[in-house]
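The values are calculated or read from the model by the stated rules, or taken from the named source; none is laboratory data. Keep in mind it's a predicted model, so treat the numbers as computed, not measured. Cβ: placed from backbone, ideal geometry, glycine included. Neighbour counts: every protein chain shown. SASA here: full protein model, heavy atoms, side chains in, ligands and nucleic acids out. Shrake-Rupley method; radii C 1.70, N 1.55, O 1.52, S 1.80 Å.
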Amino acid sequence: MIQRLGRQGINVISEFGGIALFGVTSISAIVSQRHIREKISRSIYEIGVRCVPITLIVGLFMGLVLGLNLFYVLAKFSSEAVLGQVVALAVIQQIGPVFTAIMIVAQAGSALSAEIGIQRNAEQIDALQTMRINPKGFLVSPRLFAAILCFPILTALFNLVGIIGGHITGVELLGVDHGSYWNRIYEGVAFIDVMHSMLKALIFGVLTTIIFTYQGFFTNLISSVPGARGVSQTTTRAVVICCISILACNYVLTSFMLAK
């Protein structure tokens, strides 16, 4: 049992090291790529534009539910007037970056991992290497650059829609004063809170993009079965690892941000 635990621990550490090395080499490979603008534009469409609807829908309903629950909690302490501040801080500091990243992983990350995995099984990545084209720069680097741009923007949209959702529930349905709701947000939300939210989104974007491209890139080594079932296995694995990584990373980042 001790040997088994040790072996599993070594495998986990080895995989983390492989992911880190994969990310560093992918970022550095963007310098040597030609026609990078077209690749980045397509990646922005895949990661950013296609994820806008689901981000707005989830953000709206999250704000509606959050405003509803918090109103009744605050009503017990006769503090309904601070509903706007509480909703805004909850969305901006925690819910917005985390849920946006998870939605992008579910929408674009799984598809990207499966696409690269299919290319690996079809030996297209080997063909790129034969033509002396860096496959990491060709397949991964544009997605990383697009993630750096899209994750903060989508997070900002989620935050805005979430606050509007809280306004709909609190002001329009439950009778909180309109001016009090927005004035509390103006007084209670600092610029540093928004910057922390954007920093989290940026880190989540880089982290998740590296993970699901790594899973697809090495699907022939990671999956226990070959072919289409192997791609399905690594895609599912990539989504699970990304979601866990987002939550764990959010805890670590929040600890440092609150400590300061």
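For the chain, give the magnitude of the charge dipole about the Cα centre (Cβ charges: +1 Lys/Arg, -1 Asp/Glu; no others), in debye to the nearest 20.
In debye, rounded to 20, the chain gives about 800.
Can you list which of the trypsin sites (Lys or Arg not before Pro) found in segment 52-140 are DSSP loop residues with at most 13 other C-beta atoms within 10 Å?
Those that pass, being in a loop and sparsely packed, are LYS76, ARG132.
Once a ≥ b ≥ c are taken as the square roots of the eigenvalues of the Cα gyration tensor of the chain, is the result rounded (a/c under 1.5), prolate (a/b larger than b/c) or oblate (a/b not larger than b/c)?
Because a/c hits 1.5 or more and a/b exceeds b/c, the chain counts as prolate.
Quickly work out the ARG42-to-GLU15 label distance, labels modelled 7 Å from Cα along the C-beta direction, and quote it in nm with one decimal.
2.9 nm
If packing is taken as the average count of other Cβ atoms within 10 Å, what order do 7-15, 63-71, 51-59 fall into, highest mean first?
So the peptides 7-15, 63-71, 51-59, ranked by packing, come out 63-71, 51-59, 7-15.
Measure nothing fancy, just the Cα-based angle from helix 110-121's long axis to the longest principal axis of the chain, in degrees from 0 to 90, nearest 10.
For 110-121 against the chain, the angle is about 0 degrees.
Taking the solvent-accessible surface of protein heavy atoms with a 1.4 Å probe, what is the per residue accessible area of the chain in Å²?
53 Å²
What distance in nm separates the simple spin-label points at VAL225 and ASP193, each placed 7 Å from Cα in the Cβ direction?
Taking the two extended label points, one gets 4.9 nm.
Residues of segment 100-131 with amide nitrogen under 20 Å from the 7 Å Cα-to-Cβ point of LEU247?
100-110
Which order do ASP177, ASP126, ASP193 take when ranked by solvent-accessible area (1.4 Å probe, heavy atoms of all protein chains), largest first?
So, going from the largest accessible area down, we get ASP177, ASP126, ASP193.
How do ARG4, ARG143 stack up against each other in accessible area, from largest to smallest, with a 1.4 angstrom probe?
Ranking ARG4, ARG143 by accessible area, largest first, yields ARG4, ARG143.
Take the alpha carbon atoms of segment 192-260, find their center, do the same for segment 121-176, and report the distance between the two centers in whole angstrom.
For segment 192-260 versus segment 121-176, the Cα centre distance is 12 Å.
Leaving ligands, DNA and RNA out of it, rank PHE212, PHE16 by accessible area with a 1.4 Å probe, largest first.
Sorted by accessible area, descending: PHE16, PHE212.
Peptides 252-258, 85-91: what's the order by average Cβ count within 10 Å, highest mean first?
Going by the mean number of other Cβ atoms within 10 Å, highest first, we get 85-91, 252-258.
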